[in-house]
Amino acid sequence: TGPCPKCKNPIKIPKASSDVTIHDPTEDTASSDVGHMPIAPIVFKEESFSGITLTLVFTAVVLLFLSAYVSGRIFEVEPGRIDIPILLQAVTAVLVAIPCTNIGYTVMRDKELEPYRGRQLAIRVLICSIAYASLWAMRGMIGIENPEIWQWLFLAPVFLFAGGLTAAVSFDLDWGVAVSHYSLYVVLIGLVRYIAGLQPPF
């Protein structure tokens, strides 16, 4: 203590009101030996089908083909001529599309992106399924009973583009994957028609 050189008043040094305690850093945020803040790695969990899920999918496909065969025999009006009601065909097209689009998305989606789940996934699956079934109905309304190969050269790109665009917009898929997603439905519904005895299957 002593007088201030300028004002000549005594200098008072304030007393510490309380002790200051410095805590050690917690273990989670402690610095590493190289001086960088350690970052806990994000564990990537890849979704995969369980054995039970695969069994259920296989069973559902077998039951679908069996139902198609039985329907073909029930609605056979004469040998070689099947007349399944249009409404039943439309309902079947949608019901086949729903699990097909859902499973297709689970298998083909970009694993680097967060997957759609819950209500958001259900809405996208439903919209995509209705669009796929509508494209199938449009193919039936064209009026070409048995398209030749040269006719498919014009028809196939149109439907593949429309179906691929639907899958790409619905599930954020790359273009090639989106076309494969739609092709999966086309192949499955074509097999159902073939087993039921409907012509042409595609």
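The values are calculated or read from the model by the stated rules, or taken from the named source; none is laboratory data. All values reported here derive from a predicted model rather than from experimental measurement. Here the Cβ positions follow ideal geometry from the backbone for every residue, glycine too, while neighbour counts run over all protein chains shown.
Would you check which residues across the range 108-135 are hydrophobic (A, V, I, L, M, F, W, C) and exposed (fewer than 14 other Cβ atoms within 10 Å of the Cβ) and list them?
Within the range 108-135, L113, A122, I123 qualify.
Can you go through G176, G164 and tell me which one is farther than 27 Å from I84 by Cβ and touching a helix residue (DSSP H, G or I) at 6+ places or on another chain (Cβ under 6 Å)? I'd like the intermediate steps shown before the answer.
Details: G176 fails: touching a helix residue (DSSP H, G or I) at 6+ places or on another chain (Cβ under 6 Å).
From the options G176, G164, the qualifying one is G164.
Regarding I123, is this residue at pLDDT 90 or above, closer than 21 Å to V179 by Cβ and of a type in the set (A, V, I, L, M, F, W, C)?
no
Among the numbered criteria (1) in a helix (DSSP H, G or I); (2) modelled with pLDDT under 95; (3) crowded, with 16+ Cβ neighbours inside 10 Å, which one does M138 miss?
Going through (1) in a helix (DSSP H, G or I); (2) modelled with pLDDT under 95; (3) crowded, with 16+ Cβ neighbours inside 10 Å one by one, M138 breaks only (3).
Could you check F161 against (1) within 23 Å of the chain's Cα centre (by Cα); (2) part of a helix (DSSP H, G or I); (3) under 20 Å from V96 (Cβ atoms) and say which number it fails?
Result: F161 passes all but (3).
So if I check each of L191, L173, L184, which one is part of a helix (DSSP H, G or I), over 24 Å from E76 (Cβ atoms) and hydrophobic (A, V, I, L, M, F, W, C)?
Going through L191, L173, L184 in turn, just one is part of a helix (DSSP H, G or I), over 24 Å from E76 (Cβ atoms) and hydrophobic (A, V, I, L, M, F, W, C): L184.
Here is a list of conditions, (1) in contact with a helix residue (DSSP H, G or I) (Cβ under 8 Å, 6 or more places away or on another chain); (2) among the polar types (S, T, N, Q); (3) without any contact (Cβ under 8 Å) to a residue 24 or more places away in the chain, and S129 meets all of them except one; can you say which number that is?
It fails just one condition, (3).
Okay, residues lined up against (1) closer than 23 Å to T166 by Cα; (2) part of a loop (DSSP other than H, G, I, E, B); (3) in contact with a strand residue (DSSP E or B) (Cβ under 6 Å, 6 or more places away or on another chain); (4) not hydrophobic (A, V, I, L, M, F, W, C):
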{"site": "G72", "(1), (2), (3), (4)": "no, no, yes, yes"}
{"site": "V94", "(1), (2), (3), (4)": "yes, no, no, no"}
{"site": "V107", "(1), (2), (3), (4)": "yes, no, no, no"}
{"site": "K111", "(1), (2), (3), (4)": "yes, yes, no, yes"}
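Is it the case that the range 192-202 has a residue that's at pLDDT 90 or above, surrounded by fewer than 16 Cβ atoms within 10 Å (Cβ to Cβ) and out of contact with any Leu (no Cβ under 8 Å at 6 or more places or on another chain)?
The answer is no; no qualifying residue exists.
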